[in-house]
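Undergrad: Below you'll find the structure I mean.
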Amino acid sequence: MEIDGPIRVGVVEPSPEGNYELHISFRDTFQQLPLEQQGPVFREYLAELYRNVQQPDLEERTRQGMLIVQQICEQLLEPIEKGDLPLSETLVVEVQRSPGVNLADLLN
């Protein structure tokens, strides 16, 4: 399931250690918003993620992948609202591979 929002998430296939790398970048349209609009837009994106994770017919592997993205985004909210996060940068997050979670399926 792909959720359109202020970020793009790419996945680098698992390393030999079995970990994924998530590459998170902010869409140009989000970067160009005034700071006072970025927080509310990002909060609405988090709310949409939450609503989608709650869908009863969602495949469990997809739900787990979405929860990982949601947790990362929750940590980004405060720095975005304060203007402390350089939105032109790509964030790289290493995620330990877990049974039952397939991030590549989530993003393809």
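Undergrad: Assess whether V12 counts as being open to solvent by 20 Å² or more (accessible area, probe 1.4 Å), β-branched (V, I, T), under 16 Å from the mean Cα position of the chain (by Cα) and at negative phi.
TA: yes
Undergrad: Considering only residues that are in a loop (DSSP other than H, G, I, E, B) and touching a residue at least 12 places away in the same chain (Cβ under 8 Å), look in segment 18-56 and name the one that is least open to solvent (accessible area, probe 1.4 Å).
TA: G18
Undergrad: Limited to segment 62-85, what total is found for residues that are open to solvent by less than 90 Å² (accessible area, probe 1.4 Å), over 17 Å from V9 (Cα atoms) and part of a helix (DSSP H, G or I)?
TA: 2
Undergrad: Within segment 1-17, which residues are assigned to a loop (DSSP other than H, G, I, E, B) and more than 16 Å from Q71 (Cβ to Cβ)?
TA: M1, E2, D4, P6, E13, P14, S15, P16, E17
The values are calculated or read from the model by the stated rules, or taken from the named source; none is laboratory data. Quick caveat: nothing in here was measured; it's all calculated off a predicted structure. Note that each Cβ is placed from the backbone with ideal geometry, even for glycine, and that neighbours are counted across all protein chains shown. Just so you know, the surface numbers come from the protein's heavy atoms only, side chains and all, with ligands and any DNA or RNA stripped out. Shrake-Rupley method; radii C 1.70, N 1.55, O 1.52, S 1.80 Å.
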